[in-house]
Amino acid sequence: MGRVALVTGGTRGIGEAISTALKNAGYTVAAIYAGNEQRAQEFSARTGIPTYRWDVSDFEACREGVKRVEADLGPIDVLVNNAGITRDATMHRMGVDDWKAVIDTNLGSCFNMCRSVIDGMRDRGFGRIVNIGSINGQAGQYGQVNYAAAKSGIHGFTKALALEGAARGISVNAIAPGYVDTDMVRAVPAEVLEKIIARIPVKRLGRAEDIARGVLFLVADEADFITGSTISINGGQHMY
């Protein structure tokens, strides 16, 4: 059995690509999901990757969920914090519930999950944590003050935790994807999507597999000298 990797939001879109790439690379993978049980069952049947359901914005649910995964699969060596939601609106129309939901799910989950695995990683002297940020956390985006704040917070969170983990063999890095061809991006009106692609120097949307390859690079045993970094995978749209 290879190293154990846990991927939040791991059954759809970018998360599905990350989970699958990790399994293909020899990791034992647990994919976490929040709500779409049918999609999770289809994913597990297709890939052979076990799925677990809990709310990553709930600290106690994360603690108990991690215990279940470790009881089934073994100690978690690799954590990929990929879970995220959007609740877009301009500030004068945004409700406090939409603000809190995005902050708690996108940023709060990073604390909840890292806190649940960090003691074991410190004890074993090894850990790989990759947090999935966003181009919109680097550059901002109209109508996304909640999402941009959460993703920007991830980048600061990553640097601070990297300093804490470095001497214990734990690397902490982030990936900031640009616009990737997922269900979320496909929901954008065609005329808007066309304008987005026109601003990407490589003239295409990203693929989920582009992000997964970045994760594989960062979680390798040999990547121990890379920590506190944010890798932008955005086709040149934003150079940060």
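The numbers here are math on the coordinates, done by the rules we state, and not lab data. Fair warning: this is a prediction, and the values are worked out from it, not measured in the lab. Quick reminder, even Gly has a Cβ in these numbers, built from the backbone with ideal geometry, and neighbours come from all protein chains shown.
Annotation: amide H of Ala30 within the under-5 Å range of Ala5, Leu6, Val7, sequence separation 5 or more or interchain, hydrogens built in the peptide plane. Peptides 231-237, 213-219 ranked from most to least packed by the mean count of surrounding Cβ atoms within 10 Å: 213-219, 231-237. When you restrict to C-alpha pairs under 8 Å that are six or more residues apart and normalise by the size of region 22-136, the relative contact order lands at 27 percent. The trypsin sites (Lys or Arg not before Pro) of region 175-204 meeting both criteria, a DSSP state outside H, G, I, E and B (loop) and at most 14 other C-beta atoms within 10 angstrom of the site's C-beta, are Arg199, Lys203, Arg204. Per-residue 3J(HN,Hα) values for region 174-181, derived from phi via the Karplus relation 6.51 cos²θ - 1.76 cosθ + 1.60 with θ = phi - 60°, read 10, 10, 10, x, x, 7, 10, 6 Hz in sequence order (x marks Gly and Pro). Summarising the amide proton neighbourhood of Ile233: residues at separation of 5 or more, or on other chains, whose placed amide H is nearer than 5 Å comprise Ala176, Gly178. The share of Cα pairs per 10 Å bin across the chain, counted from zero up to the longest distance, runs 8, 33, 39, 17, 3, 0 percent. Computed from the C-beta positions of Val185 and Arg68, the FRET efficiency with R₀ = 41 Å rounds to 0.80. Shown here for region 121-164: trypsin sites (Lys or Arg not before Pro) in loop regions (DSSP other than H, G, I, E, B) with at most 16 other Cβ atoms within 10 Å, of which there are none.
Relative to one another, the C-alpha centroids of region 49-101 and region 121-189 are positioned 13 Å apart. Sequentially through region 100-107, phi angles give Karplus couplings (6.51, -1.76, 1.60; θ = phi - 60°) of 5, 4, 6, 4, 5, 7, 7, 9 Hz, Gly and Pro residues having no value and appearing as x. Counting lysine pairs in the chain that sit 8 or more residues apart in sequence, or on different chains, and whose Cα atoms lie under 26 Å apart gives 7.
Computed on the chain, with alpha-carbon pairs under 8 angstrom and 6+ residues apart, the relative contact order is 19 percent.
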